[in-house]
Each structure stands twice: as structure tokens, then as C-alpha cells.
1. Give me the percent of Cα-Cα pairs in region A:2-276 that sit more than 33 Å apart, rounded to a whole number.
2. Can you pull out the buried accessible area for chains A and D, both sides counted, probe 1.4 Å, rounded to the nearest 100 Å²?
3. Could you compute how much accessible area chains A and E hide from each other, both sides summed, with a 1.4 Å probe? Nearest 100 Å² is fine.
4. Within the set of other residues whose C-beta is less than 15 Å from the C-beta of A:G48, count the net charge using Lys and Arg as +1 and Asp and Glu as -1.
5. Leaving out ligands, DNA and RNA, and with a 1.4 Å probe, what % of the accessible surface on chain A is carbon or sulfur?
6. If the cut-off is 19 Å between C-alpha atoms, which aspartates and glutamates fall inside it for E:K47, apart from same-chain ones fewer than 8 positions away?
7. Can you compute the helix-only [θ] at 222 nm over chain E? Use -39500 (n - 2.57) per DSSP H run of at least 4 residues, normalise by all residues, nearest 500 deg cm²/dmol.
8. Are there any helices in chain A, counted as whole DSSP H runs, that stretch 18 Å or more along their axis by Cα and score at least -1.0 on average by Kyte-Doolittle, and if so which?
Amino acid sequence: MLLQQVINGLTLGSMYALLAVGFALICGILKMITFAHGEVFMVGAFAGLTAIAAFQLGPLEGLLAAMAVSLVLGLLTERIAFRPFREGSALSPALITIGISIILQAGVLLLAGADTKAFPYDIGIYTFHLGGIIISGIEIIVIGLTLLLMLALQLFIHKTRWGLALRATSMHFDGAGLMGVNTNHVVALSFALASALAGIAGLVVGAYYGAFYPRMGVIISLKALAAATLGGIGSVSGAMLGSLLLGLIESLTVAYISAGYRDVIAFAILIAVLLIRPSGLLGRVEEEKV
Amino acid sequence: MSLIEIRKITKTFGGLVALKDIDMTVEAGEIHGLIGPNGAGKTTLFNVLSGNYKASSGSFVFDGQEVIHLRNDERVGLGIVRTFQNIRLFTSMTVLDNVKLGFHRRTSANWLTSILNTEKVRREERFVEEQSLDLLCKLGLQAVAQEEAKNLSYGDQRRLEIARALAMKPRLLLLDEPAAGLNESEVKTLMERIQAIRTMGITVILVEHDMSLLMSVSDQITVLAHGQKIAEGTPQEVQVNPRVIAEYLGKGA
Amino acid sequence: MLSVQNLRAWYGNVEAIHGINLEVGQGELVTLIGSNGAGKSTTLKSIVGLMKKRAGGIFFHDQDISAYTPSSVLACGIALVPEGRWIFPELTVEENLKMGSFLQRNRRAVAITLEEQFERFPILKERRRQKGGTLSGGEQQMLAISRALMANPKMLLLDEPSLGLAPQLVCNVFSLIKEINDSGISVLLVEQNSTMALSIADRGYVLSTGKMIIQGAAKDLLNDPKVQKAYLGYNDAGEGI
Amino acid sequence: MRPQRVTSILWAAVIVLAAIPLIVDDQYIFHVLTMAGIYAILAISLNLLLGSTGLFSLGHAAFYGIGAYTSALLTLRLELPFVAAFVLSGIITALIGRLVAYPALRLKGIFLAIGTMGFNEIVRLLAINLDWLTGGPAGLPGIPSPEIFGVVISQPRDYYLLILVLAAATYIVFQRLISSRTGRALLAIRDDEIAARSAGIDLTGYKVGAFTLSTFFAGLAGSFFAHYLTYVSPDNFGLNESFAILAMIALGGIGNFTGSVVGAFLLVVIPEAFRFLQEYRELIYGFTIVITVLVLPSGVVGWYPRFMRRRKMAGRQALAVKEEG
Amino acid sequence: GGSQGAKTEGDNALYVGVAGPFSGDGAEYGAMWKKGLEIAAEEINAKGGVNGRLIKLIYEDSQADPKQAASIAQKFVKDERIIAELGDFSTNATWSASPIYQKAGLVQFAFNPSHPELTKHGDYVFQLCPTQADQAIAMANLATDKLKAKKVAVLYLNTDFGKAVKDNAVQAVQAKQAEVVASEAYLSTDKDFKAQLTKVKELNPDVIILGSYYTDTALIMKQAKDLGVKATFIASSSVHSPALLSLGGDAVEGLVTLSVFNIGNPGETLQHFTAKYQEKYGASEPDTFAVQAYDALRLIANAAAKSAEQGEITRKSVRDELAKTQNFPAASQDSITYSPTRQLSQPELFPITVKEGKFVPYHL
Ligand SMILES: Nc1ncnc2c1ncn2[C@@H]1O[C@H](COP(=O)(O)OP(=O)(O)OP(=O)(O)O)[C@@H](O)[C@H]1O
Ligand SMILES: Nc1ncnc2c1ncn2[C@@H]1O[C@H](COP(=O)(O)OP(=O)(O)OP(=O)(O)O)[C@@H](O)[C@H]1O
Ligand SMILES: [Mg+2]
Ligand SMILES: [Mg+2]
């Protein structure tokens, strides 16, 4: 049972990870927070679903549609909520993104209706029995896809010119500009990456649970934000670590303590970690020079 | 017993040793110059003395009392006051409020009495207002009293910082490059001002790259380089010290 | 080559530079000195487009670059070694250097330039895998200069390269600057250590509270009592200003 | 604005508001105004943290909830009279706020925001799970109406007049505080912590104090809410509520208590006024937030003095030019 | 809005306020209400309304939020045209509004919640759903008596509804000497039940009782299928919805539930409603939420008609007549009679199961 719970936790954590790295990218570069990421995720999910259901596309084309729509939405969010406030307080973008998330939820509710929608493909067919543990096909897809995307992201960040620029920008915004990097493009790039991943996550999570509904992004994005913070906001590897940890904590809490206290314990651990390491597990601590 | 006894102060940042075993003694009423090349550790020493940084080790005895473990704000209560190399004003508050904040430790209104707005609080507030305006007049800032501090010119900001420091009724005043960015005539009035501050019975430690200013007002000078004390003495002694010339003043001296 | 005309710059509402003029010729080494807060860094930041609020003309090879972003200024061939170095602390030395040639898309060309830099600064080659933030001050300064050279600039702006360096390192840095200049790159050097700066420069400018007060050949400035009075100051301590 | 002018405007506003029952007798209007009054207290008290002290706290609804539950339990289980429960719930909430503040203040910026969000969720989930204490998900019904020295408050009009008094008192308390030595210290902390410390201000002491006072009033608002609806349940104190209070502050102007009152009023009244739009109401709510922050970054009230100041400055500059010429 | 509150000349319609979740977490259930209510209103009005007065509905979106439910209550109460209120969706939202309706003397017909004490706030509060006391005990008995379960697990939504299911079911199961091996809660926002199910599976129960809505149920059963859980699922009436079938696919095969309406032997009203529903909204079958909404409005109309017979239609007369309802032919129950506590006096529950993608009567 422990092993099965670990698998459950990893699956859950993988889904958090797809959103959490988005928070890491955005918060890492801009040191600001977005509350609309869950809705970018949700809109991506609906875009993918609509593409599949209305235009009879395959799941892969659906993923592309989800990615594309989320990406555009993410870039728009950056334009509206972040670019005008680059130098100001983090409060204004926080508020605008709260507003945007309300608008997107209400918009999708109006357009798609309130009822929960199923995923038209059945993907739960294969199940693997490994000595008492059962892993379903979709779990393998979820974990595999997440690993693949995370690997691609890591390669992009660590092996490409733009990845290097992205890291440099997150460390020293003006410094990167001085090196000839168009920092506006880097910010847009990180929003694009974050949002595309959110879109993929939207369709994958929707398909995994077989449920698409306007508020599907609310809780998962809150958890992903917690996971990104746990790992150290701004660190992509931290976000992944935090997500997997959070997934594990949740499923183990249910297994050995109580389902009712799952989120209480998850958040309590988050707060405890922050108190010991105020910048998260892999976050950087900077002392202010006077 | 001297007013200030600094013994074996060491401060490290990770691996970097910014200050190593600094000893320094300052007599009451003295103007004590502190010089050294960029990165010598002068500002770091100020940060340790004011309590902005925790010393890695060492002792700081102020008027017979060990203060090295006191917090920054507690030291202000004892009269240890500083200005900043990079001016730090309350930029979105008015000039007058900036000076009023200098009176923080000298007034006593608390949460409850502030809300009740008792007679005592009102009296105190009137006192602070009068004194602050008085200080602003003395420094020639009365005309801008209601401006936001961030709108002041550089020179005015420097003066405001000194006004705020004086409002704290210092016994020891740590001035970190107060002449930086001031023009010649401003430097001249600053010099007179520092001398006036001395006559108020305030002990001053002065960090300054403007040698004409420093040499003319200082009674004693300590020279730091690479986090260590390399010389001390009167201005005349220090100016001819070959090590100081090599490390700091340069061959032109 | 570089010509700055009536440059003004503001931080918020505070004017830091009140209209200055400055020229740097082809292959010249020019130094800009002045006391703390005089506006030297602000001048350099204005030239490369880092100042949000500025006015006046900046011409490079007769091209008006006064409205350019840092990125396009760099593309023109002007690189800045900023005050405070702006090392990317979590990037390795090699990655820091690669950031210097960000605008160069050709990987081969980057590799060649990188080798050149390693030849010039063997210590950086030794430390190529170390994180920039863990270098000592002197090493960081070398990294910053080297990173700027990675862009193959025609002109190098240096903001207090000797800051925080031990005296013997200061000498090294100055001879390095001379060497760079000798290799044909024009240099505009901002320094606190004016004696050293004037001794290697061709010409010099003295800036005071945002105004250009003196300019001339470096040798003349070095012996000009006015310069010493305005900036170095300590010689006439006895006279009392 | 000068303090005297603020006070006279305040009294004028209170008199006008207090006169409303003489003109209209509409329960629904009283109800909406009562809710606005509760939110005004919440927004003002959070504004002390967010606007005056610069602490990005996003868990205010948790304290509101703690106050509501405390008051409900004190009257239902211990059968304390309303006045005692009201004051005690403020004090107990403040004590909890104080306890939370010490660790929370180690966190900076968005980390504080996320930490307090986590706290908010924890409180809501505990309210759901601790059945024996909180009545679990069903909450606590049947809370008695307030009785103040023998007078029972049960009509919407009476509730309205009571909250009017409370909100006005809250406003006066915070307005007085902020123009005092204490308030100055808080503003200084917001501007520059290091400079504040170097001016002799005890950062931890003041921040914890701000948390204590802010949560005290959140607790009072919670208590009033509990006795007004006579029912508390966990749904009322989730993160959405914290976000709503935040939006009210932003709408009115960060750091501006008058703005908080206006913001609370607008964000309670606008959604009610747009009820006829049915499903489109949420859209309006979202757009209100986005557009206000974009167009009036310093809020509806903050905008006015700034605009005036700009005109004044322009005038002064014109004058200066004339003198030179 | 004064104009809305005033009686306008010429408009002598009867207004009924509806407060429910038309956005927010419960929006899909609110949408189902609307379908049932629209049909009821159309039908009544097609027959000339009540005593010549048309029925009109005023919808207000409460998001099932207690605070908003209270606002809406104040609004409805002062709107003198309104003769009765329908809603809210959750016990929380209902209770927060109950004192207001009670004090004003306006019927609060909370036809959806099933909390056993829902109507305790006063004689203007009415319920339509068989309470969880009734439902959960019936579920427990089904498990122990018919399915001969020895070990039972309970999985419930952590709201008053889910908790009532759990509390009553656990008691009833234990009363029958069977063992409750686990009772696990989840939140309304949860979508991942694997941890709970893994734990439950380990304990190997014969039956799993669910206190859930249909969306959660579909997800739970899909994940249970993935994990290879073999137990029979018994769920409360709220899952009786075609949406369960479309969301759950073949994972919900074999689910047993106790419906509030009789699909095996539908009465005349139910047949009629089903036909209308399919005509208006396409092929799918109505669900519990739509059926109960349909009944609720018809019950109000009936009470209004009865009061018209006696004299004037007032809020009080509607309450009194509604309380007197006897043997009213409804879609959910063949005949509805109110008990003194304004709850169904003898609710009937109909066991049904999912077979080959359809709800069919359940026979052992
Ligand atoms: N917070 C800090 N973290 C890391 N290093 C620091 C910190 N503060 C100071 N240092 C380092 O300590 C050394 C001494 O710095 P300090 O600011 O005391 O020099 P200084 O003598 O005041 O120089 P200047 O004349 O330029 O002001 C420098 O190498 C500096 O980089
Ligand atoms: N970011 C800033 N915000 C506001 N004012 C600034 C800022 N940076 C510099 N200043 C002010 O602008 C003026 C010029 O500063 P600048 O940094 O150009 O001087 P500098 O000559 O380079 O001095 P230093 O020798 O200390 O480097 C100073 O008065 C300084 O305080
Ligand atoms: Mg210094
Ligand atoms: Mg500089």
C-alpha cells in the first residue's frame, strides 16, 4: 500500500509540477505573483477539449490547441497585468490577475456552461499490475509526459542561448539587458513557456480525471503555487521538487493520518518550511547590503 | 575610560573577511576620521557599530556598557546614530515627517495613547513639531518641509539625513561620506556644521573621501585597508605614513 | 567616434546630470573623474541606454544613439563594464562570459572569442566551472571586463574597474586597460583613483555634481592644481576651503 | 488632507448616513449597507498591514472567521452576553493574530503572501474538520441577536445604525493612529526597514503590534457578522473573501483608510446593483478590479488628491517660469 | 430598487424567487434546477397560470454562498410581489437565509438539501428531498440486508450533506452488526481520490457507501476501477443524473443508488415530465435536481391555487396551504404529503442501478 500511495502521490505531484514550474518561471523573473495561472490552465483545457470534441481532432492536436490558446492568453496577461507595473509594487499585478481569473472563469461558464464535461477518449484501458501495485495507462502518460516536458525544459534552460538569457535575467534584470538581451522578450518567453505548460497541464489533468469545468484551475493552481514556494520560488528544479513532495505529502497524509486533514498538513508543512528556510528549499537567500 | 572602546571586531560574509580584529578607541567629544580605499570595510564597520550587521566576533563598549548584542534600534536609544553612504530617507513621506521620525526614541506615545490621542500625546506631538521645524530651519530646509523627500535635490537629501540624525539626539554620530555629491560651498558649510555638532558635545566618527574636509576637522584618524587597521594617529601623522600613502592616498601625496 | 552633447539625466525628479559634453576619439583612452556622486556612473548609464529619463544627443560614428536600448547600443559596438560588476551570481564563469556574447549567434565564433579571453585571463579558465558569485572581488572584476570584451566591442566603457581591488590588482587592471586600448579599442574610463587613471589616459574630464568642470590632456590635468583642489583636495588641507 | 478637514468630512458623512433611516425604510438597503460596514472595518484593518506597514498579508478572512466563530461559541456555549462576546472575540482574535505574526514576519513580500494564504486555508479547513468545536461543515446556527444594555438589536435598521457606529469608530481609531507617532513609525517601516531601524524603531514590535490591532478589528467585524446573520459556517471565510477585501483596498487606494471605506462600499454595492445581470455579474466584478487598477493605480480616493497635487505643482512651475523670465 | 419592489399596475403575475448556485462551484446543479423550473413554469402558465395569474421566476445567483444567500433573502423579502422562495442549494446557504425568511413570513422552500434538521428554523422553511436520515439508513440496510455486506466503507463529501450520510449510514450499518472499516472525507474541490481509495481497497470492504454528488461519484468510481477496487458502490439519490453516466462511462457500471423518483414504474407526472424534458432539452433523461425543481415550483403553484380558492393569495396563505399539502401527485414521489415538520411524511426511495450505461430498477 505504501508503494501504491507513493505512485498516487507522484502522479498528483507531476500534475502540480506542470503548473508549478510556470509559477517558478514567472515569479523567478519578475519577483511578482500571478493569480491567473489556474485560469490559463483551465482555458487551455477547454480549448483542447473543444478542439477535440468540436473539430474531431486527435488528442495530440488537442494538446497543441490547448498549448496555443494558453500561450496567447499568458502573453496577454503579461501585457495587461505585468508590463505596466514592472517597477511598481507587486500588489497591482496580483490584483489584476485576480480580476482576470474572475473574468476568465465567468467567461468560460457563460460560453461552455456549468456542467462538468467528460473527455471523449477513453484512456484508462491499460493497467499494469506490478506485484500488488496497479498503475494505469494514463498515470504512465501523466508521469511520462511530465518527466519529458521537465527534461525538455531543463535542457532548454541549461543548454540553449535563450535559456541562458532567461536564467541571467532572473538573476540580474538590468545586467541581462546590458548583455544585449531584450528583457521584454525574455519576460514574454517565460510567460509563453509557463502558459504553454499550463495549457498542456489543463488538457492532461482534465483527461486524467475525465472532468472539465470552469473552476478546475482554482485549487490545483493554489497547490502548485504552494509547491513552487515550498521548492523555492524562482527555481525551476525547486518547483519540481516541491510539487513531487507536495503530492507525496498529500497522499501519505490521507493514507496514514486522515483525508480531512490532508490540506491542513500540506499547508502547515509549507509554512514550517518557510519558517526554517524563508526562501523555500532550493531558494536563494539574499542579504541586503546597506 | 574612553567613550568608545572597540575591541577585535571581526565581520565575515560567507568566506569574505570584511573586517578583521579591528581595535579602535574614541574619546568623548572627538571627531574621529575613518579612511581607507573602496571596499576597505569602513561602511561595514559602521554597520557593525550601529547594529545593522551582527559582528562575527568582538566587543563594542559604549560609555562603559557592552552594546554589541543590542539591536540597532536599541542602540539608537543609547544615542548611537548613523547616516548612510547611500542616502536612506523615507522617500514617500514628507521632509517634516522624516525629521519627526528622528524623535521616535525620544517620545513615548504608544498604540493605546496614540489612538486615545491623550493630552500628553498632543503635547508631545506639538513638541516634536516645533523641534522638527526648528531643526529644518537650522539646516535651511524649512521651505521644503511639506515636500515628499524623494523630490529633494541630492544636497538637500544629504542635509535632511543629518537633520534626522540630529533629531535623534545622538551622543555618537556615525557619518558615512556626508560630503559625497556636495559641491564646494556645500562641503564648506558641512564642515562648519560638523564642527558645530562637536560643540554640542556629540562625538563623531567620520568616513570621508574628501581629504580636505576630513583632515581639517578630524582630531584622530584611523585607516582601514582590506578589512584591517593599517594606521592611526593625528591627521599630520597619517598623511605622511608611507603605508597609508601606498594603500590609499596614492603617490601623488 | 563617441560624442555626447548637452546630456541631461534624471532619477525621478532629481536631475543628476545637468547638460554635459564629452568626446572620445577613435583609439583614444579617455578618463572621466570626479568625486562620489558626481554623476560619472549616470553618464555611462545614459550612454548605453540604461537611464530611463535622459535628454541630449549621443552620437556614435555620427549615428544618433540617444534613444537606443542597451541591447542596440551594444549591437553598435559599445560595451559597458558596470559599477558593481553585475556578475550573474548563479551562472558559472563560462556562462557569464557566454552572456557577454549573447548577440553573437554563431556558436563557433563565440567559442573562439571565449578561448581568446581565457588566454588573456588564465585565472578565469581555471575557474570556468565555478559560480560567478563565489569569486573574489578581483576575480569578479576581471570576469566583468572579460565579459564585456566577449561582445567584441569597438568601444569599452569602464565604471570604476579598480573598485574594491587590492593595490597590486589595481595596477594589473590599469595595465590591462592600457593593453586593451593598445589593441585598438577606444576606452572611456571612469575612476575614483584619478592619479592612476590620468597616468594611463590620453585625455581627461572632471565632473562635479553633474557638471563638467575641467577637461584637457591627461598630463596637464595630473599636474593641474585646480583638479587637485576640485577633486583630490588633500594637498591644500592647510589653506582651508 | 488636513486632519481637521478629514474630521469634519467624516462627521458630515456619518450624519448623512445616520439620517438614511429617516428617509428610506428598506430592509434590503439596510442589509447592503450593513455588509458594506462590516467590509469597511475589514478593509480598513487590513489596510493598516498592507498599505501602512507594507506587509503583504493575504489571510485576513481567517481572522474574520476566527472572530465570528469565537463570538458564536462564547454566546452559544458559554452563554455570554453579546457585549462581552464581542469584546472577547476581538481580544482572542488579536492574541491569535499576535501568535501568527511572530513567525509570519520572518517572511518577506510574496512569501508572506503565500504563507498567510496557507494560514487562511488551514483555518477554514479546521473549521470544517473540528466538528466538536465548530459544528463542522454545517456551521453554528442560532446565534443570538445582539443585546446591548437591555436593548435587543434585531431589525435591519438597528443593525445598520450599530455597524455605522462601529465602522466610524474604527475609522477614527485608524486615522488617529496613522497620524500619530505610532503610525509614523509604521509608515517608516513600509518605506525603508533599514532606515526605520536606524531611526530607533523596533521593527518586530511595531509589525507585531500592527498585526495585533489589525486582527483585533477583523475579530470584531467577525463577531458582528456572526450576530447579524445569526449563523456562521466555514464557507464565509475562505481565500476568496481575503481576495475580496484586498480588492476593496486597492479600489479605494492602498494606504488610504477613507479609500478603504469607499472601496468596501463600492465592491459590496456594485455586485448587488448588477444582480439583474445574472451570469454576467461576475464578469462585471472582474472587470471592475482590472480596470480600476489599470486606470487608477492609486485608487478611486487616492486619485483625487494626487490629481489636485499635480495641478498645484503645474501651477507652481508656471509661476517659477514667470519669475525667471 | 424601488421600482422593482412596487406593484405595477397590469402585472398581476405571481412571482417566485429562486436563489441558487448559477455560478461558482455548484453552478452545474443550479443549471439543472433551471431546466426543471422552466418546464414547470411553462406548463402552469400554458394552462392559464394560477387563478388567471401567470407564474414568473426571479433568479438570483447565490453561488451557494451563505453571505449572498442572506443578501438575496433580504431582497426577496422586501419584494412584495414574491409569494415564495425556492432554494438554496446547500444547507449552509439555506440556514443563513432561513431567519430572514422566517421573520418576514415568506416560504423558503429548500427543495434540494437533505439535512435532517433543515427545517428547524421555523414554520416557513420547507424541505422536499428525503432527509439523509431516511436515505442513509436505506442505503445501509440495502448493503447489509440485500447485499449481505460484512464490511462497509464510507466515502463522503465533507459538507453537512456528506457528513449526514456518513453519520447515519455508519450508525445503521453498525446496528446491523456489520463493520465499518473506513470512513474517509473529501472536500468539494477535490478531484483526486486515489489516496483514499488505495487505503479503502486495502481494507477490502464488500460495499462502499458514497455521500457524494454525481460528478465526484463518477471520478471516484473511475479511479476505483483503475485501482482495481471490487466492492459494490451505493450512493445517495443525488447521483441519479445522466451526467453521471456520461462522466463515468463504464466505470459506474453496477453502481446502486436510491432514487427519489421511480424510473421503473413511473407515475403519470414523471412520465409527462420526462417527455417534456426530452422534447425541450434533447434526448437525455432528467436528473434528481431537475425533477425536484419541477416538483417544487408545482407545489408552490398548487398551494397558491388552493389559497386562491379560499380567498386572496398571500405569503401566509401559500405557507399554510403548502403545509397542508396531501397526496399531491408529483414527479419525484408519486404522492407528496407534508409532515408537521414540513418534511416529506413518508418518502419513498427507489433502488436503481447502472446497467449497460443506463439507470435501471435494481432487483436482487
Ligand atoms: N552584505 C554584504 N554581503 C557581502 N559582502 C559585503 C556585504 N557588505 C559589504 N560587503 C563586502 O565587504 C567589503 C567591505 O565593504 P564596505 O562597504 O565596508 O567598504 P567601504 O570601506 O565602505 O568602501 P567605500 O569607500 O567604497 O564605501 C566589500 O568587499 C564588500 O563587497
Ligand atoms: N538609482 C538612483 N536613484 C536615485 N538617485 C540616484 C540613483 N543612482 C544615483 N543617484 C544619484 O545620482 C547622482 C549621481 O550618481 P552617480 O552614481 O552617477 O555618481 P558617481 O559619480 O558614479 O559616484 P560614485 O563615485 O559614487 O560611483 C548622485 O547624487 C546619486 O545619489
Ligand atoms: Mg562605504
Ligand atoms: Mg559611480
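1. Here the tail beyond 33 Å accounts for 19 percent of pairs.
2. On the way: alone 14180 and 16850 Å², together 27580 Å².
Approximately 3500 Å² gets buried when A meets D.
3. Between A and E, the summed buried area is about 2500 Å².
4. -1
5. Roughly 71 percent of what the probe reaches on chain A is carbon or sulfur.
6. Filter leaves E:D11, E:E38, E:E268, E:E279, E:D295, E:E309.
7. Details: 12 runs with 154 residues, N = 364.
Value at 222 nm, helices only, nearest 500: -13500 deg cm²/dmol.
8. Result, helices passing both filters: A:2-30, A:37-55, A:59-77, A:91-112, A:137-159, A:183-209, A:218-231, A:236-256, A:262-276.
The values are calculated or read from the model by the stated rules, or taken from the named source; none is laboratory data. The structure presented is a predicted model; accordingly, all values stated were derived computationally and were not measured. No Cβ is skipped: glycine too gets one built from the backbone with ideal geometry, and neighbour counts run over all protein chains shown. Accessible surface areas use protein heavy atoms only, side chains included; no ligands, DNA or RNA. Shrake-Rupley method; radii C 1.70, N 1.55, O 1.52, S 1.80 Å.
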